[in-house]
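Undergrad: I'd like to ask you about the structure that follows.
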Amino acid sequence: MTEKVSKHTQQDNIYTNRELSWLQFNARVLQEANDKKIPLIERLRFLGIFSNNLDEFFKIRYATIKRIVDAGKMGKSFLGGISAQDLLEVITKTVIEQQAHSLNILSDIQKELRKENIFIINETEVTPDQSKFLSDYFIQNVSPAMMTIMLGELEEFPSLRDSAAYLAVTMVMNKDDDTFETKHNYALIEIPRTIDRFVVLPPKGDKQYVIILDDLIRHCLHNIFSIFKYETISAHMIKITRDAELDIDSDLSRSFIEKISKSVKNRSAGDPVRFVYDKSIDAKTLQFLLDKMGVDKTDSIIPGGRYHNRRDYMNFPRLGRPDLQYEPKEPLPIPGLSLQGSLFDKIVKKDYLLHAPYQTFMYVIKFLREAALDPKVKSIKITIYRLAEVSHIASSLINAKKNGKDVTVQIELQARFDEEANIKYAELLQSEDIKLIFGVKGLKVHCKACLVERIENKKKVRYGILSTGNFNESTARFYTDYTLFTANPKICKEINKVFDFFEVNYQVRKYNHLIVSPHYTRKALYQLIDTEIKNKKAGLPSGIKLKLNSLSDYKMIDKLYEASRAGVKIKLIVRGICCLIPGVKGMSENIEAISIVGKLLEHPRLFIFENGGDNKVYISSADLMGRNLDNRVEISCPIYDEDLKKEILENFEIGWRDNVKARVFSIKNDNAYRRNNKPPVRSQFKMYDYYLRKLEVY
């Protein structure tokens, strides 16, 4: 018998709150922006990632907490012991501090760029020659795309677009003006999204100049408002973030695509949850805006710098300076698996593992292209969660349909922030008569699976792909993920069962190999943990190693605490949210946990159990969060091939030895870097070297 899972509160120092843990993850991204060893342009991009992450956090997590407050509830059990209202206040305070820190980092980076003869100038620093260039650029490119709203002429304040950046313009009119009744008048300029945020000016010798679009517009304010007589004019940035929850209507006459499409459109009118403004804005202008927009005290009101939407720094121009960016690494081939010839002929003999982006994602595209052309292939089934903007995956599926294959696509229309893109792809695939399945009612389909059925010697042979990441060639360049190619009939038969479940939801299938959410994952992981506890007590080899994006399920954390108390050694690599607190005597003293944030985004989920010396290894689409365990369709797949199992174990150890980009989770929650006297190990760089060596010895 194992110990009963107990309930604890935040005050007991049992868990870290999920939202605060996420903010600590984003602070690790900010640490990358602040790391002087990282190339300068890459540091700017990390600032962009930090800002983009924060936008999504407010749209989803902050908005959820605000909904709890608006409903008059405390939410303590849901939030790990802290009340929703208190949490909103802590979040706002933390974000204000992080934003201030990010502005200091940006200032430092700009100083370093100037040493490299790269100057990011504002409208006050423009020379006469540059002024002519900017005026022409404004007239030709910016003015036609710009929207300017005169607020004094409107009875009702316009609805601001979610996460769009606006310049709030204040004009103090001179005494000769008879256009307006009031001396102070206001306008809003929406920064066009269709134009690059950074405008590169003609160089002067070896000096390069960049101006942000906002400042270009400021430079041309006189052009925009030349019909008015004003004494002074100023423009300050504002941005509003809205609740991004989809409210799906219950109109039975509408198709699911129509319902999701309507919900996505309605999202732009969601309640405001965050208002960010330039802290140098005139107090009178700020109050005018707050009153007109109905921003209240439960919203997060954050004074910021001169520029918002710093997420655009992710696309800062390269400026022909490869020395200020990471050295590109060419993705490697998988030893023994050529992109020439048939993949099926190879996969039928043994399993292969792709570890992107160290190895090329082209194997996935080649697999589907070959399936589309091969006369022996009769059907293709695939799950789609997020596709690339221009997707070779979708093209291959359409190609397969045109070649007479039966193609079934389970497409998740509620993939967060990709709903609109997935709707477009769903409509495209539907127009090609491809069979679409829109998931399971009440569940998101988050697993990444593909199954091809092929006739060989008059027998049906199945080939499967299971992945920890999306079938997306764009993200595969910087997300690390595992993809298994297999013709193991036992595995492929169970992949087919998952697709059967999509079509007949009321039948719960049984699985002997795959671990499938929402029916089995929690129970299966509890049993695997229990086995480690029993082995430890019996004096057999025991241990647990997990690699995750997030660990937030309190019951699962309690189960890991139970294993720790039994003496089971547990190693955790968690990129993002980690609500477990390791290293606490009597609770988690046998648990160590690190986070690796670096050049690439760590995305795989791995479950490794010592199992008395015969390791059980799983790759998975599921994090250890309540939604992945109980409210999504997820697949965890065992790795049976001993060479592949060894590869994953060695990969985990490379990550575990990281003492350059690894941060240590502890009760201090301070993002301390792991430092020791051992030779430096930057795991993402070492991982590439690992696969390079495998090719050399093959």
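The values are calculated or read from the model by the stated rules, or taken from the named source; none is laboratory data. Just so we're clear, the structure is a prediction, and the values are computed from it rather than from any experiment. Cβ sites come from the backbone with ideal geometry, for glycine too, and all protein chains shown count toward neighbours.
Undergrad: Of the residues in region 465-476, how many are in a loop (DSSP other than H, G, I, E, B), crowded, with 19+ Cβ neighbours inside 10 Å and small (Gly, Ala, Ser)?
TA: As a first pass, look at region 465-476 and keep what is in a loop (DSSP other than H, G, I, E, B): 468-474.
Keeping just the survivors that are crowded, with 19+ Cβ neighbours inside 10 Å gives 468-473.
From the residues that got through so far, the ones that are small (Gly, Ala, Ser) too are 469.
Within region 465-476, residues that are in a loop (DSSP other than H, G, I, E, B), crowded, with 19+ Cβ neighbours inside 10 Å and small (Gly, Ala, Ser) number 1.
Undergrad: Go through region 524-566 residue by residue and tally those that are among the basic types (Lys, Arg) and either in contact with a strand residue (DSSP E or B) (Cβ under 9 Å, 6 or more places away or on another chain) or outside the structural domain of His603 (by TED's automatic domain parsing) (or both).
TA: Result for region 524-566: 2.
Undergrad: Select the strands (runs of 3 or more DSSP E) contained entirely in region 383-464, then report the ones holding at least 2 residues which are buried (at least 22 other Cβ atoms within 10 Å of the Cβ) and assigned by TED's automatic domain parsing to the domain that holds Thr486.
TA: Hits in region 383-464: 406-411, 448-456.
Undergrad: Being at pLDDT 70 or above, in the same structural domain as Lys93 (by TED's automatic domain parsing) and either hydroxyl-bearing (Ser, Thr, Tyr) or touching a Ser or Thr at 6+ places or on another chain (Cβ under 9 Å) (or both) is true for just one of Lys284, Lys279, Lys292. Which residue is that?
TA: Going through Lys284, Lys279, Lys292 in turn, just one is at pLDDT 70 or above, in the same structural domain as Lys93 (by TED's automatic domain parsing) and either hydroxyl-bearing (Ser, Thr, Tyr) or touching a Ser or Thr at 6+ places or on another chain (Cβ under 9 Å) (or both): Lys284.
Undergrad: Still on this structure: Across region 295-337, which residue is surrounded by the most Cβ atoms within 10 Å (Cβ to Cβ) among those that are assigned by TED's automatic domain parsing to the domain that holds Tyr186 and among the β-branched types (Val, Ile, Thr)?
TA: Among those that are assigned by TED's automatic domain parsing to the domain that holds Tyr186 and among the β-branched types (Val, Ile, Thr), it is Ile302.
Undergrad: Tell me, yes or no, whether region 144-153 has at least one residue that is of a type in the set (Asp, Glu) and either part of a loop (DSSP other than H, G, I, E, B) or closer than 19 Å to Ile195 by Cα (or both).
TA: Within region 144-153, none of the residues are of a type in the set (Asp, Glu) and either part of a loop (DSSP other than H, G, I, E, B) or closer than 19 Å to Ile195 by Cα (or both).
Undergrad: Still on this structure: What is the residue count in region 644-679 for residues that are closer than 24 Å to Asn26 by Cα and not polar (S, T, N, Q)?
TA: Qualifying residue count, region 644-679: 19.
Undergrad: Hey, among the residues in region 177-222 that are assigned to a helix (DSSP H, G or I) and not basic (Lys, Arg), which one's farthest from Val142 (Cα to Cα)?
TA: His222
Undergrad: So Phe157 passes all but one of these: (1) in a loop (DSSP other than H, G, I, E, B); (2) touching an Asp or Glu at 6+ places or on another chain (Cβ under 6 Å). Which condition number does it fail?
TA: Every condition holds for Phe157 apart from (2).
Undergrad: Suppose we filter Asp129, Asp86, Asp55, Asp108 for residues that are at pLDDT 95 or above and either assigned to a helix (DSSP H, G or I) or crowded, with 16+ Cβ neighbours inside 10 Å (or both); which single one remains?
TA: Asp108
Undergrad: Is there a residue being part of a strand (DSSP E or B), aromatic (Phe, Trp, Tyr), within 29 Å of the chain's Cα centre (by Cα) and surrounded by fewer than 21 Cβ atoms within 10 Å (Cβ to Cβ) anywhere in region 477-491?
TA: Yes: region 477-491 contains one or more residues that are part of a strand (DSSP E or B), aromatic (Phe, Trp, Tyr), within 29 Å of the chain's Cα centre (by Cα) and surrounded by fewer than 21 Cβ atoms within 10 Å (Cβ to Cβ).
Undergrad: Still on this structure, please answer the following. Hand me the list of strands (runs of 3 or more DSSP E) wholly inside region 547-631 holding 1 or more residues that are in contact with a Leu (Cβ under 7 Å, 6 or more places away or on another chain) and under 26 Å from Phe485 (Cβ atoms).
TA: It comes to 605-609, 616-620.
Undergrad: With Glu503, Glu494 as the choices, which residue is touching a residue at least 12 places away in the same chain (Cβ under 8 Å), over 30 Å from Val574 (Cα atoms) and among the acidic types (Asp, Glu)?
TA: None of the other options fit; the residue is Glu503.
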